[in-house]
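All remarks here apply to the structure that follows.
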Amino acid sequence: MSNLRPALVLLVLFTALTGLVYPFAVTGVGQLVFPAQANGSLIVQDGRVVGSDLIGQAFTADRYLWPRPSATSAPDPADPTKTVDAPYNAAASTGSNLGPTSRKLADRLTASSDAWRNAGLAQPIPGDAVTTSGSGLDPHISPAFALAQAPRIAAARNLSEGQIRHVIEAAIEGRTFGIIGEPRVNVLRVNQALDRLDSQTGRDVS
C-alpha cells in the first residue's frame, strides 16, 4: 500500500489537472480573449449563421465570386461503399491525392480550364482557379483569380465592372503579420458585399 497509494494519488491528481482543469482553463481563456475564433469564426447574417471565415462554399451562380475547386467527397447515396464528389464537405476535409500521371487529375484540370474559357474570362488562368487546396475547404482565393471574375459578375448583376472590382479590392487581405502567406480574398465575404451592393442600388438579391 505504501507504493500503491502515491501512485493512485498521482493518477487522480494528473487526471484532474490534464483532463479537467487544463481543458476548462484553455476553453475559458479562448472564450474570453478570442470568442469569435473559439466558436468557429462563424459568419452571422440577419440573425442566422451563413458560414464560417474558415470554410469555403461551392458558389456556382454567375452573379457570385467562384471559389477554387474542392476535392472533398461524400458517401454515394446509391452505394455507401463508394464516394461521390461533394465540394467543400467539411466532414471530409482532404486533398485530391492525385499524382501528375493521374488521368482523373488531367480530366479535372481540363474541365476547369474549359469552364474558365467558356465563361469568357481573361487569360492566363490563375493557378488556384483550376487546382484544389490541401484541405479542400480553403475559403480564400487569390486577388488575381477574384479580379478576373469581375466582368462575369458585372454582366450577371447588370453593374459596372468598376463597381465589382472596387468591392473585391476592398476585401483583399494582406499577408499575416505582413510576412506569412499571400494576399487573399474571402469568397463568402465578397459575395455578401456584392449582395449588399445590390441592396443599396435597389436590386433583387434573392
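Let's see how each residue does on (1) over 28 Å from Gln192 (Cα atoms); (2) in the same structural domain as Leu188 (by TED's automatic domain parsing); (3) touching a Pro at 6+ places or on another chain (Cβ under 6 Å):
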residue	(1), (2), (3)
Leu8	yes, no, no
Leu13	yes, no, no
Leu17	yes, no, no
Leu20	yes, no, no
Phe24	yes, no, no
Pro35	no, no, no
Gln45	no, yes, no
Among the residues listed as Gly127, Gly56, the single one being exposed (fewer than 13 other Cβ atoms within 10 Å of the Cβ) and closer than 24 Å to Arg175 by Cα: Gly127
Single residue of Asp195, Asp138 found to be surrounded by fewer than 22 Cβ atoms within 10 Å (Cβ to Cβ), free of Cβ contacts under 8 Å to residues at least 40 places away in the same chain and either farther than 29 Å from Thr110 by Cα or within 15 Å of the chain's Cα centre (by Cα) (or both): Asp195
Answer from Gly51, Gly30 - the residue that is touching a helix residue (DSSP H, G or I) at 6+ places or on another chain (Cβ under 6 Å), over 30 Å from Ile164 (Cα atoms) and surrounded by 13 or more Cβ atoms within 10 Å (Cβ to Cβ): Gly30
Out of Asp62, Asp138, sole residue that is out of contact with any Ser or Thr (no Cβ under 9 Å at 6 or more places or on another chain), among the charged types (D, E, K, R) and either farther than 18 Å from Pro183 by Cα or at pLDDT 90 or above (or both): Asp62
All strands (runs of 3 or more DSSP E) inside the stretch 1-92 with 2 or more residues being within 30 Å of Ala144 (Cβ to Cβ) and in contact (Cβ under 8 Å) with a residue 12 or more places away in the chain: 42-45, 48-52
Single residue of Ala155, Ala129 found to be more than 13 Å from Trp66 (Cα to Cα), in the same structural domain as Arg63 (by TED's automatic domain parsing), of a type in the set (Gly, Ala, Ser) and in contact (Cβ under 8 Å) with a residue 24 or more places away in the chain: Ala155
Pick from the stretch 100-120, criterion hydrophobic (A, V, I, L, M, F, W, C) and assigned to a helix (DSSP H, G or I), ranking: surrounded by the most Cβ atoms within 10 Å (Cβ to Cβ): Trp116
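The values are calculated or read from the model by the stated rules, or taken from the named source; none is laboratory data. In this text, all values refer to a predicted model and were calculated from it rather than measured experimentally. Neighbour counts are summed over all protein chains in view; Cβ atoms, including those assigned to glycine, are modelled from backbone coordinates with ideal geometry.
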